[in-house]
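So the structure is just underneath, and the comments pick up after that.
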Amino acid sequence: MSAIDIQFWKIRKREGRKKPWELRWRINTTPYSLSFVTKALAQKFQSQLTRAAETVGEEWDLRTGQPVSWTRQQRTWFEHSCDVAAAEWDGSAAGSRRRLAESLAEITMAMLEDSIKARRTRPSDKILRKALKEWAYRPGRIASDTVPDDIAQALGWLGEHTRPVVELADDEHLRALLAAIKKLQNGKQAAATTARTRRAILYKCLDRALSAKLITLNPLPAIKTRRRFIDDAVSPVVVPTLEQARRLLWAVRELRGYTKHRDRGPHLFALFCLIFYAGIRPSEGLDLKVHQCRLPMGGGWGSITLEGASPDVGELWTDDGERHDTRGLKHRSTKTVRPVPIPPELVVILRLHLLTFPPAPDGRLFYDGPDQGKVPAPVYQSVWRRARKAALSPAEHASAVARRPYDLRHANASMLIAAGVDPAEVARRLGHSIRTLLSTYAHWVKGGEEAANAKIEAALCGETITDSGLTCENVNDGPLAGQPDQHGAA
């Protein structure tokens, strides 16, 4: 509202108080007061209120009795970033929520005060990051869960010692922040994709600050930094050969665990086979159910129809508090399905899997533990590491080949492309766009390389170039390289 009437009472001193000097004023009929250590501070604040009251169009906050613009200028980055996390929660995928929290935490760590007072009481960086990622940027958790003492202390410190949002309207401060969020905790340069994600989230925060009138302009688009090349292509060094992939899969099948987990290797064998032979994502395989599989009895090609995925993102980020997020196919609507043909070899493997390991009550092919819950990512990753150590030679094990189960998907894609399968069909099976497929698997897209190599090899062998071809005597249209002809003309 705009102030209609403001009145001040005489500043009074109240003995025995830590802040004895009290300033009292009213706006219209509502009274307000603030206490100060000295009378001079009270008088200074009164003069600031007086000047604000003389400003035409100034809005006042009836909760505080102060100009709205003051509240905006004092709003800290921590308060604002918590609002951003809360606003982005509903409707976002669990993985997106986690990435937002992780990025906001690193941006906030670069927005902390560095005064002597702040440093004296500052908790460790580890506690601060945990308080940010797992509490402040997980909306609703502080109200519903018991907050540990060290986390509560860290949250209180963050509320008092983050810099105001309005600082980022200054070019120097914004450039310093951009430089800070391009680095990892160990001081090394972050990957280009990580830096790009953090900048995008910072832009979103500044855009929201603009809408809330905390700043008058989003300054980020005007800050031009050196563009770092982002290479999305899969490196050939991580992709196993057909022989290596089969060795790894056989090693998974032969693995034996202990007690109730003794059959984890044989049970997950079919999951890794799906990733390699069908090119699906691990999260899609974990969500696969019996009714989605067509496995003909008499051999031949079968098919699976993918309807969704179950990525392991952690309990904090899902709506139901489960480790796995139940969602549609990646970058697709929840109603989209993806039929994928599977070769006869995989058909046989899946039929044997179902005979050995009956599906879970909800029809899932893969599960873990006595309650037949979804397989956590650390479980199948651990199985893969053991199989990799057992199947590969010391030199292969020390290399980057097939370090992740996901590399089996890359092996499938590269195999299809190298075999000359239409890129549009490969992209459809993998759930990619054609553009993403060609940029991700550029090393395996065949052009005219072999034909060009044959011509160059023939040339080097003297099959197409002769000594006479290197002179100008057989040229009818003039000499080569501008040399003078027999009449002396250039």
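Considering only region 49-60, I want to know if a residue exists there that is at positive phi and either hydrophobic (A, V, I, L, M, F, W, C) or not assigned by TED's automatic domain parsing to the domain that holds Leu168 (or both). Yes: region 49-60 contains one or more residues that are at positive phi and either hydrophobic (A, V, I, L, M, F, W, C) or not assigned by TED's automatic domain parsing to the domain that holds Leu168 (or both). Only one of the listed residues (Ala40, Ala94) is in contact (Cβ under 8 Å) with a residue 60 or more places away in the chain and outside the structural domain of Glu315 (by TED's automatic domain parsing). That residue is Ala94. So, of the residues in region 369-401 that are surrounded by 19 or more Cβ atoms within 10 Å (Cβ to Cβ) and among the charged types (D, E, K, R), which turns out to be modelled with the lowest pLDDT? Per the stated criteria, the residue is Lys374. If you go through region 345-378 and pick out every residue that is among the basic types (Lys, Arg) and more than 20 Å from His261 (Cβ to Cβ), you end up with 1. Look at Glu58 and say whether it is exposed (fewer than 15 other Cβ atoms within 10 Å of the Cβ), modelled with pLDDT under 90 and among the acidic types (Asp, Glu). In short, no. Residues of region 19-37 include at least one that is at pLDDT 85 or above, outside the structural domain of Leu132 (by TED's automatic domain parsing), part of a loop (DSSP other than H, G, I, E, B) and not β-branched (Val, Ile, Thr). Among the conditions (1) without any contact (Cβ under 8 Å) to a residue 12 or more places away in the chain; (2) in contact with a helix residue (DSSP H, G or I) (Cβ under 8 Å, 6 or more places away or on another chain); (3) more than 30 Å from Thr436 (Cβ to Cβ), Asp150 misses just one, which is (1). Being assigned to a loop (DSSP other than H, G, I, E, B) and at negative phi is a property that Ile280 has. Filtering region 104-143 to residues that are outside any loop (DSSP other than H, G, I, E, B), under 22 Å from Ile201 (Cβ atoms) and small (Gly, Ala, Ser) leaves Ala105, Ala131, Ala136. The set of residues in region 10-35 that are more than 52 Å from the chain's Cα centre (by Cα) and among the acidic types (Asp, Glu) contains only Glu15.
Yes/no per residue for (1) closer than 25 Å to Glu307 by Cα; (2) outside any loop (DSSP other than H, G, I, E, B):
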position: Glu396; (1), (2): no, yes
position: Ala402; (1), (2): no, no
position: Asp407; (1), (2): yes, yes
position: Ala411; (1), (2): yes, yes
position: Met415; (1), (2): yes, yes
position: Gly420; (1), (2): no, no
position: His432; (1), (2): yes, no
position: Leu437; (1), (2): yes, yes
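The values are calculated or read from the model by the stated rules, or taken from the named source; none is laboratory data. Being a predicted model, the structure only gives us computed values, none of them experimental. Cβ coordinates were reconstructed from backbone atoms using ideal geometry, including for glycine residues, and neighbour counts include every protein chain displayed.
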